[in-house]
Each structure stands twice: as C-alpha cells, then as structure tokens.
C-alpha cells in the first residue's frame, strides 16, 4: 500500500522541483538561504503532489486506457477517492507551513503554480500548444519560487531558456503518447490528434533554434563559454535521441538515469559548468 501512495504522490517526480535551487547558482543576490530553500523545496513538492492527485482523479477513466498510466493508483482503483483526499489535505498542511515560513512572494508564486495547474487540469490541456506552454511555465514558476526579489534581465533569459527546454522535451512526450497509444491515442487525449509527427518536429526545431540563440546570448553575457554551450546543445540532442528511440522514456523521464549515454553526457556537462 505504501508503494501505491508513493505512486499517488509521484515522489519520483519531485526531482523536477530541484530547479528551485537554481537561483543559488545564477542569481544568488535574489534568493533565499539554503535552509529556507529546503523548506521551499518540500512546500513545492507538496504542491506538485496535490496537483498530481487532482489531475489523476479527473483523468482516471482516460488513464485506464493508457498502457502505462493505467497502473496509476486512482486509475487502477487501488486507492479510493477519500484516501486520496486525506493525502491531499495532509500535503496542504505542509504547503501552508512553507508559505507562512517563507512569506508573501513564495506564497504568491505557489498560488500562481496552483492556478496554472488547475487551469490546465480543467480545460486548457485540451488546447494545442497552450497545453505544453502551460506546463513549461510551471517550471519557470518553480524557479522563481526560489527568489525573494524581482529577477533582473539576465535571470529572465535563464527563465526563457528553461521554458524552451521543457517545451522541447514535451514535444517528445506528445510524440511518444501517439506511438504508444496508436489508434487509441485520441480516445485517451483528444489533443493528441494535433500532435502529429510533423507538428512535434516543428515544435522541436523552433525550440532548438531558440535555445541555440539563448546559449549564444549566455556566452555574450560571460555566463558560459562556447564549449559549454556546445555541451548543453549536445546534451539536449542526446536526450532527444533517447526519447526518439525509446518512447517510454519521454513518458517516464526519471528513467533516463538508467541510460549510460545520458549519464555520461550530463556528467560531462555538469563537470564543465561547475
């Protein structure tokens, strides 16, 4: 049963909230202390799990048709509605404590995050391109949650960089959904009709071009060197290659940590940056 609650909260997805620590590296003058960021991280994890529970409940019938998502606790019926509600309430207490501790700016950003995910769950996920932009914006909000002051122009460039990276990755996820679901794709998620192979490729090309220009801009700021910029683009290319050859990875990207090529590329990139 513990394992089912782990799946319900999607604890394996909490790594996405690590981006809250990025301001420590790129904008230390605008961020909280490390201790405060740890509180913020767990508050953000609680908020994420609340949105996962909400979205899974709303999509439980559609998820039951998906080859991977059918195993989710609510779609499979292994966790009941009342049990999921109790879990969400307990998570809300953790989130409330984090908001009270970190103050107004963090609270406003958490409210923004919850609002965006609610809008997504209750309809905007059915609008082509809007759906992936909203998900990408949530990553931007996660980063901003680590700041205690208004970002400067350089920080906005970093936020734009993250936005395009997430959209790049999501284009693979939509492609993978269509591949794994086949003819049942539109029954599971009607919007998948829009995300044809050509559309997904077009989104990736636009994002890759934008990321290349931003990497060049980073170099002009003196944030990174050109070799580091090349490694960033190589890392994205390797990730895209793995998503293309193994569609299930785009649905469950945390399993990238089991891919030696991805670990090697990301390791070299991290060593070059730090």
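The values are calculated or read from the model by the stated rules, or taken from the named source; none is laboratory data. Computed from a predicted structure; not experimentally measured. All Cβ positions, glycine included, derive from the backbone under ideal geometry; neighbour counts span all protein chains shown.
In the stretch 1-41, what count of residues is obtained for those that are closer than 26 Å to residue 170 by Cα, under 19 Å from the mean Cα position of the chain (by Cα) and assigned to a helix (DSSP H, G or I)? The qualifying residues number 19. In the condition set (1) surrounded by 14 or more Cβ atoms within 10 Å (Cβ to Cβ); (2) more than 30 Å from residue 11 (Cβ to Cβ); (3) in contact with a helix residue (DSSP H, G or I) (Cβ under 8 Å, 6 or more places away or on another chain), residue 206 is compliant with all but (3). Just so you know, in the stretch 180-202 the residues that are in contact with a helix residue (DSSP H, G or I) (Cβ under 6 Å, 6 or more places away or on another chain) and exposed (fewer than 15 other Cβ atoms within 10 Å of the Cβ) include one that is farthest from residue 215 (Cα to Cα), and it is 186. Being over 21 Å from residue 155 (Cβ atoms), buried (at least 18 other Cβ atoms within 10 Å of the Cβ) and at pLDDT 85 or above holds for only one residue in 35, 39, and it is 39. When the stretch 151-168 is filtered for residues that are out of contact with any helix residue (DSSP H, G or I) (no Cβ under 7 Å at 6 or more places or on another chain) and either touching a residue at least 12 places away in the same chain (Cβ under 8 Å) or crowded, with 17+ Cβ neighbours inside 10 Å (or both), only 152 remains. Look at the stretch 1-30: where a residue is within 13 Å of residue 41 (Cβ to Cβ) and a partner is in a loop (DSSP other than H, G, I, E, B), sitting 6+ places away or on another chain with Cβ atoms under 7 Å, you get 20/145; 20/146; 21/146; 22/146; 23/146.
Just need a number here: residues in the stretch 236-257 that are over 16 Å from residue 170 (Cα atoms) and at pLDDT 90 or above. Here the count works out to 0. Residues in the stretch 234-248 that are outside any loop (DSSP other than H, G, I, E, B) and without any contact (Cβ under 8 Å) to a residue 24 or more places away in the chain were compared, and the one that is surrounded by the most Cβ atoms within 10 Å (Cβ to Cβ) is 242.
When 208, 216 are checked against the criterion of being under 19 Å from residue 266 (Cβ atoms), part of a helix (DSSP H, G or I) and more than 17 Å from the chain's Cα centre (by Cα), a single residue qualifies: 208.
In the stretch 253-272 there is at least one residue that is within 28 Å of residue 123 (Cα to Cα), within 18 Å of the chain's Cα centre (by Cα) and assigned to a helix (DSSP H, G or I).
Mind listing whichever residues of the stretch 112-148 are under 25 Å from residue 219 (Cα atoms) and not in a helix (DSSP H, G or I)? First the steps, then the outcome.
Filtering the stretch 112-148 down to residues under 25 Å from residue 219 (Cα atoms) leaves 136-137, 139-144, 146-147.
Passing the criteria: 146, 147.
Taking the stretch 72-101 as the range and being within 24 Å of the chain's Cα centre (by Cα) and either modelled with pLDDT of 90 or more or surrounded by fewer than 14 Cβ atoms within 10 Å (Cβ to Cβ) (or both) as the test, the residues that pass are 85, 89, 90, 91, 92, 93, 94, 95, 96, 97, 98, 99.
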